[in-house]
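Please treat every number below as a calculation from the coordinates, not as lab data. Predicted model only: the values in this text are computed from it and were never measured. Positions of Cβ are generated from backbone atoms using ideal geometry, with glycine treated the same way; all protein chains shown enter the neighbour counts.
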Amino acid sequence: MQDCHGYWRAAEDGESGIIAVADDLTRQELIDTFLEEWAHARTAHLEIKGEDDDDPYHHATFWSELGRITKRFREEW
C-alpha cells in the first residue's frame with residue numbers, strides 16, 4: 001500500500017469487497033481514510049467518465065456520499 005493511506009477493492013462477486021487502511025496512521029488519519037474508502041465503496045458502481053481531466057473516482061456523487069458519511073460519523077462520535 002505504498003503512496004496511499006488506504007484503498008477499496010471490490011470482490012469478484014460484485015456484492016462485497018475490502019477496505020484496507022495503513023497501519024502507521026494517526027487516529028485522525030485512520031478515521032479520515034476509512035471514511036473516504038467507505039465512500040468509494042458506496043459509490044464505486046457510479047464511477048463517472050467525464051472530461052479528460054476529470055477524476056472518475058472523485059466525482060460529485062462520491063463527494064456527496066463522503067460528506068453524508070462524515071456528518072453522520074461526527075453526530076455519533
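Worth pointing out:
- Using alpha-carbon coordinates, inclination of helix 27-43 to the longest axis of the chain, degrees: 30
- Under 13 Å, Cβ to Cβ, from I69 - net charge with Lys/Arg +1 and Asp/Glu -1: -1
- The long axis of helix 60-76 is offset from the longest Cα principal axis of the chain by roughly 20 degrees.
- Calculated mean projected area of the Cα convex hull in nm² (choose from [x] 4.6; [y] 5.4; [z] 6.1), label: [z]
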